[in-house]
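All remarks here apply to the structure that follows.
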Amino acid sequence: MQTSTRNTVLLTRSRTAVWHPCTQMKQHETLPIIPVARAQGCWLYDCDGRRYLDAVSSWWVNLFGHAEPRINAALVDQLQTLEHAMLAGFTHEPVVRLSERLSAQTGGALGHCFYGSDGASATEIALKMSFHYWRNAGRPAKTEFVSLAGSYHGETLGALSVTDVALFKDTYAPLLRQSVQVPSPDWRQAAPGVSPRAHAVACAKALERHLEQHHAATAALIVEPLVQGATGMAMYDAEYLRQARLLCDRYEVHLVVDEIMTGFGRTGSFFAHQQAAITPDILCLSKGITGGYLPLSSVLVTDRIYEAFYDDEVTRGFLHSHSYTGNALACRAALATLDIFDEDRVIESNRGRAQRMNELCRSLAVHPRVRDFRNCGMIWAFEVADAGPGFGRRFFEAALGHELLLRPIGNTVYFMPPYVISDDEMALLAGRTLELLAAA
Ligand SMILES: *Cc1c(COP(=O)(O)O)cnc(C)c1O
């Protein structure tokens, strides 16, 4: 790719001064770093005005495109009154309104919102809360956590303990708490002739066998509902969540639902767990919560959990804090995001959008190198056969040459576009991906 001096200078400075996330920096001796000068809608523009379709929503956070006028206006307005104040002993309108509105999205079932600044912190909060609840309830032996094979819940030490992605976890294994992984209901792992639902039921049986034996020592089961993202967009039947809910009730284990990626409409309903008609005990939210503008996470809990901490004794309280807890600007961006869901009837309009995208992907789905083409809400994924080593990096680079930002996970290519992607942009995404497959 030809790059101008402006582009080259910025990427050289970035390679020197910035330690980029999830990256072996040496690869950037050959792999380009794209200097983003500005962004609008679904498009990122580099310093030369070259454009890239943000088909992964800037790491799954952006919902309504870049520079969304209504979120911009809300933030400008918020800047005139309050940018931030500490949340211990103080409060403000944006955090109160956001808490009320998030709770309303659960039908009031989860009535209390705790705040963090990112997804991994939300996982930490959920795990600590669950353990502390059982301790307050006179059950201090409930200290263990169960997660699904292939799960991803963040990369701080506690969150990494319940994560099951070898690439991120193995190096740090000596630092991590043991946790248990039960089989994933991922339908690709079903035996030939076994339906996704039957596979989910069989996996729930495995969970049952584990809880039957270990419930006395188990505090919580943590799951990504319907789609396990970071392991490669593994999708599963909602029946698993229904059964997990029943088992967690029967064995007195918290069900922690991590909707950090799946929340805010990504799987076709506002929250993914709503497709199973269940209520979690603890719900983790982040990523899309601010429309992709500012870091924020929230952990919602039932009254029952909240009340177990409510006491004259200080240490029965949840003494966890982050400096930026409940940041007013982030909360205001989240409120503007919720407004857009109502104003634009986003969940309904995404249904049509997803259907049109599936039609546009018809040739892709049957391409001889494509395996297990799948869709859930506004997520599409497939594996590429005979991908070979280094496929992800090569495909990423080739996609940039086709004006696409695509970042495969192993040999899994996925689309997770902003919800404002137009029909023309979807056609461009599907068509150019097909070209890339032919060339790769
Ligand atoms: C991204 C993600 C996290 C971690 O969020 P960060 O903000 O990156 O720390 C946790 N759980 C799931 C399901 C995620 O997709």
Within 13 Å, Cβ to Cβ, of PRO183, how many net charges do the neighbouring residues add up to if Lys/Arg are +1 and Asp/Glu are -1? 0
Residue-count net charge about ALA37 - beta-carbon cut-off 13 Å; Lys, Arg +1, Asp, Glu -1: +2
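How large is the helix-only mean residue ellipticity at 222 nm for the chain, computed as the sum of -39500 (n - 2.57) over DSSP H runs with n ≥ 4, divided by its residue count, in deg cm²/dmol to the nearest 500?
It comes out at -11500 deg cm²/dmol, rounded to the nearest 500.
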Which of LYS205, LYS26, LYS169 has the fewest other C-beta atoms within 10 Å, and how do the rest follow up to the most? LYS26, LYS205, LYS169
Per q in 0.14, 0.25 Å⁻¹, report the Debye log10 I(q)/I(0) for the stretch 277-324, using one uniform scatterer on each alpha carbon and no solvent. -0.51, -1.01
Value of Rg/Rh across the stretch 261-396 [Cα atoms, Kirkwood radius]: 1.09
List the residues whose amide H sits under 5 Å from the amide H of HIS254, counting only those 5 or more places along or on another chain, with H placed 1.01 Å from N in the peptide plane. ALA220, LEU221
May I ask you to order 11-22, 282-293, 314-325, 213-224 by the average number of other C-beta atoms within 10 Å around their residues, highest value first? 282-293, 213-224, 314-325, 11-22
Vicinal HN-Hα couplings computed from phi for the stretch 216-233 (Karplus, 6.51 cos²θ - 1.76 cosθ + 1.60; Hz; Gly/Pro x): 5, 9, 9, 8, 7, 9, 10, 9, 8, x, 6, 9, 8, x, 5, 7, x, 6
Ordering of 343-349, 256-262 by burial proxy (mean other Cβ atoms within 10 Å per residue, highest first): 256-262, 343-349
Which distance in Å, rounded to a whole number, links the C-alpha centroids of the stretch 391-421 and the stretch 351-368? 16
Using only the C-alpha atoms of the stretch 367-415, find the volume of their convex hull and express it per residue in Å³. 77
Listed highest first by mean packing, meaning other Cβ atoms within 10 Å per residue, what order do 264-273, 115-124 come in? 115-124, 264-273
Above 14 Å lies some portion of the pair distances; for the stretch 7-81, what is it as a whole percent of all C-alpha pairs? 69
On each of the three principal axes of the Cα atoms of the stretch 9-151, give max minus min coordinate, whole Å, ordered largest first. 61, 41, 28
Write down, largest first, the equivalent ellipsoid semi-axes of the stretch 295-352 in whole Å, where each equals the square root of 5 times an eigenvalue of the alpha-carbon gyration tensor. 33, 16, 8
In Å, what is the Rg of the alpha-carbon atoms in the stretch 72-343, and how long is Dmax? 18.4, 61
Taking a straight Cα-to-Cα line shorter than 26 Å from LYS205, and setting aside same-chain lysines fewer than 8 residues away, one finds LYS142
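Bear in mind that the values in this text are calculations on the coordinates, not laboratory data. Just so it is clear, the model here is predicted, and its values are computed rather than measured. With ideal geometry, Cβ positions are generated from the backbone for all residues, glycine too; neighbour counts draw on all protein chains shown.
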